[in-house]
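Step one of this worksheet: look at the structure below.
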2 protein chains.
Amino acid sequence: MASNKISDAVIRRLPGYYRYLYGLEEQGVERISSQELGQRMGLTASQIRQDINCFGALGQQGYGYNVSELRQYIAGVLGLDRRYRVVIVGAGNIGRAVAAYPSFQKRGMDVVALFDVDPELVGQTLPNGAPILHAQGLKEYLGAHSCRVGIVATPGQVAQEAANMLVEGGVRAIWNFAPVDLKVPSHVVVNNVHLTDSLYVLLYKLKEKDLELGVVEEGE
Amino acid sequence: MASNKISDAVIRRLPGYYRYLYGLEEQGVERISSQELGQRMGLTASQIRQDINCFGALGQQGYGYNVSELRQYIAGVLGLDRRYRVVIVGAGNIGRAVAAYPSFQKRGMDVVALFDVDPELVGQTLPNGAPILHAQGLKEYLGAHSCRVGIVATPGQVAQEAANMLVEGGVRAIWNFAPVDLKVPSHVVVNNVHLTDSLYVLLYKLKEKDLELGVVEEGE
């Protein structure tokens, strides 16, 4: 399987491919041409072919792609063909929303525990069976139950501290929902979720649509 | 102010510019060169200059950019210089997390009400004062309180129905957290949040790092 040297732009498109192919597979679609896939994803057919060549997967000329094979191939490129044990630091709305996200488990993510300092939350158990434990016990927990993935869903002020505990406990990948840039050693990877970014794009689209339609927005 | 004809790639980078400039302004930084800004954002200096030319804002050669002016300029391009009244359909973990997101209000988003069908949630009031109302009353509410932005935070099966009610109530922009592609008329804009996309990128980075370090992952 091709691995290294996929450009960042292609990497950012990979999840979209996975998502669309997953949806097609669920609908029972067996084959798809680069034209059709491009139309659904808002890309050109030649872009689709280039990207898929980049991943190292090849379609058969004139026959399109086998949806299920391509989906599984991309799952392999993304590392979605394994299971990951996951701890979440911060059991507020975001932490619990992530823990309850139905497609997580399907995608190989097993949330084993959440950690918080709020006495009202500590001691609860989520519907999926994951306990909310006191954050003091995080390092010890990770010593006993190795987890490769940690999620930071704390307020910004304590996010770095949470990340430090995860790193000390052996976590290798941090999915960060706090609005701060985390510092981690080079053997650990981080990806930040900037929820507001997609809101800003929405507001930009609204402004452009207003211009197109000649809508004069009242100051609400 | 320049408006149309900004490419999609540049539009997707705009929120990042806004975020970094906002952070710099909070740290009291007054001027920044394209080199420095590029280093922080992981872009080249020439990319930064090109992008900023695209927005229609100009730095002074040799003096860099005035952080506060550029931040305000980009806020204008994004439409962040106004206030938006927002309703949220779905008052589960995601809906409440979004309503409670501290930077929302700062960015001009006033969440005025949430809507749900769960009798345990309907009648509650969030800490920011927004009530949770019954979803049956959504259209009537929007008739009395005009809102331009609606957030869909429902399960996938009822997301289209929620979107229809928002559109009928006059909402022009939908921020969609449900894992479905919503159909809306052409005068309405939609942006989808695909939370798992950023998780997939994280897992990809982890896999690449494992390869780099020669880590053989045990099947967890």
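Quick one: if you stick a label point 7 Å off each Cα along the C-beta vector at residue A:100 and residue B:187, how many nm between them?
It works out to 3.6 nm between the two label points.
Dipole of the protein assembly as shown, Cα-centred, from +1 at each Lys and Arg C-beta and -1 at each Asp and Glu C-beta, to the nearest 20 debye? The partial results should precede the final answer.
Details: 42 positive and 46 negative charges, 158 e Å.
For this selection, approximately 760 debye.
Taking H as built 1.01 Å from N, whose amide H comes closer than 5 Å to the amide H of residue B:189, not counting residues under 5 places away?
Long-range HN contacts for residue B:189: B:173, B:174.
Put a point 7 Å out from Cα along the line to Cβ at residue A:56; what are the distances to that point in the other copies, in nm, shortest first?
Distances to the matching label points in the other copies: 4.6 nm.
Which of A:207/B:183; A:183/B:209; B:183/B:207 have a Cα-Cα distance over 24 Å?
Table pairs above 24 Å Cα-Cα are B:183/B:207.
Enumerate the calculated ³J(HN,Hα) couplings along region A:195-211 in order (Karplus 6.51 cos²θ - 1.76 cosθ + 1.60, θ = phi - 60°), each rounded to whole Hz, writing x wherever the residue is Gly or Pro.
So the Karplus estimates, Gly and Pro as x, are 4, 5, 3, 6, 5, 4, 5, 4, 5, 5, 4, 4, 5, 5, 5, 4, 4 Hz.
GNM on chain B, C-alpha springs below 10 Å: top fluctuator among B:199, B:21, B:78?
Residue with maximal mean-square fluctuation among B:199, B:21, B:78: B:199.
Cut-off 10 angstrom, C-alpha nodes, Gaussian network model of chain B. Which of B:115, B:177, B:55 fluctuates the most?
B:55
Could you work out the helix-only [θ] at 222 nm for the protein assembly as shown, with each DSSP H run of four or more residues adding -39,500 (n - 2.57) and the total divided by the number of residues, to the nearest 500 deg cm²/dmol?
My calculation for the protein assembly as shown gives -13500 deg cm²/dmol from helical runs alone.
What's the center-to-center distance, using Cα atoms, between region A:194-215 and region B:94-149 in Å?
20
Once the Cα gyration tensor of chain A is diagonalised, what are the square roots of 5 times its eigenvalues, in whole Å and ordered largest first, as equivalent ellipsoid semi-axes?
After diagonalising the Cα gyration tensor, the semi-axes are 35, 25, 16 Å.
Highest first, please rank the peptides B:34-40, B:87-93, A:24-30 by the mean number of other Cβ atoms sitting within 10 Å of their residues.
The most tightly packed comes first, giving B:87-93, B:34-40, A:24-30.
Only bridges whose two residues both fall in the protein assembly as shown count here: according to DSSP, what percent of them are antiparallel, nearest 5?
In the protein assembly as shown, approximately 15 percent of DSSP beta bridges are antiparallel ones.
Could you please rank B:138, A:203, placing first whichever residue has the fewest other Cβ atoms within 10 Å of its Cβ?
B:138, A:203
Under the convention of a label 7 Å out along Cα→Cβ, give the distances in nm from residue A:181 to the same position in every other copy, shortest first.
Result, one decimal in nm: 3.6.
Which distances, shortest first and in nm, link residue B:215 to the matching position in the other copies, using label points set 7 Å out along Cα to C-beta?
4.7
For A:41, B:109, which order do you get if you count the other beta carbons within 10 Å of each Cβ and list the fewest first?
A:41, B:109
Search the structure for amide H atoms under 5 Å from the amide H of residue B:148, placed 1.01 Å from N in the peptide plane, and list their residues when 5 or more places away or on another chain.
Those lying under 5 Å, H to H, from residue B:148 are B:85.
Among A:125, A:196, rank each residue by its count of other Cβ atoms within 10 Å, from fewest to most, as a rough exposure measure. The partial results should precede the final answer.
Numbers: A:125 11, A:196 20.
Ordered by Cβ neighbours within 10 Å, fewest first: A:125, A:196.
Taking the Cα centre of region A:8-78 as the origin and placing charges on Cβ (Lys, Arg +1; Asp, Glu -1), which of A:64, A:46, A:17 is farthest toward the positive end of the dipole?
With unit charges placed on the Cβ atoms, the residue in question is A:46.
For region B:84-196, what's the relative contact order in percent, using C-alpha pairs closer than 8 Å and at least 6 residues apart? Could you put the intermediate results ahead of the total?
Numbers: 212 pairs, mean separation 27.6, N = 113.
Over region B:84-196, the number comes to 24 percent.
Tabulate in residue order the Karplus-calculated ³J(HN,Hα) for region B:113-120, using 6.51 cos²θ - 1.76 cosθ + 1.60 with θ = phi - 60°, rounded to whole Hz; enter x for Gly and Pro.
Here the 3J(HN,Hα) series is 6, 10, 10, 8, 10, 6, x, 6 Hz.
Rounded if a/c is under 1.5, else prolate if a/b is larger than b/c, else oblate: which is region A:51-111, with a ≥ b ≥ c the root eigenvalues of its Cα gyration tensor?
Taking the square roots of the gyration eigenvalues as a ≥ b ≥ c, region A:51-111 is prolate.
Suppose R0 equals 25 Å. What FRET efficiency, 1/(1 + (r/R0)^6) with r the Cβ-Cβ distance, do residue B:10 and residue A:39 give to the nearest 0.05?
Rounded to the nearest 0.05, the efficiency is 0.60.
From the phi angles alone, apply the Karplus equation (6.51, -1.76, 1.60; θ = phi - 60°) to region A:90-103 and give each ³J(HN,Hα) in whole Hz, x where the residue is Gly or Pro.
Going residue by residue, I get x, 10, x, 4, 5, x, 6, 4, 5, 4, 8, 4, x, 7 Hz, with x marking Gly and Pro.
Using Cα-Cα distances under 8 Å and only pairs 6 or more residues apart, what relative contact order does chain A have, in percent? Spell out each step's value before the answer.
Working: 295 pairs, mean separation 28.6, N = 220.
Across chain A, relative contact order equals 13 percent.
Given H placed 1.01 Å from N in the peptide plane, which residues other than close sequence neighbours of residue B:124 have an amide H under 5 Å from its amide H?
B:132
Kirkwood hydrodynamic radius, computed over distinct alpha-carbon pairs, for the protein assembly as shown: how many Å, to one decimal?
The answer is 23.4 Å.
For region A:84-196, just list the percent of Cα-Cα distances falling in each 10 Å bin from zero outward, please.
Reading the bins upward from 0: 15, 53, 30, 1.
Bear in mind that the values in this text are calculations on the coordinates, not laboratory data. The structure displayed is predicted, hence computed values, not measured ones. As a convention, Cβ positions derive from the backbone with ideal geometry for all residues, glycine included, and neighbour counts pool all protein chains shown.
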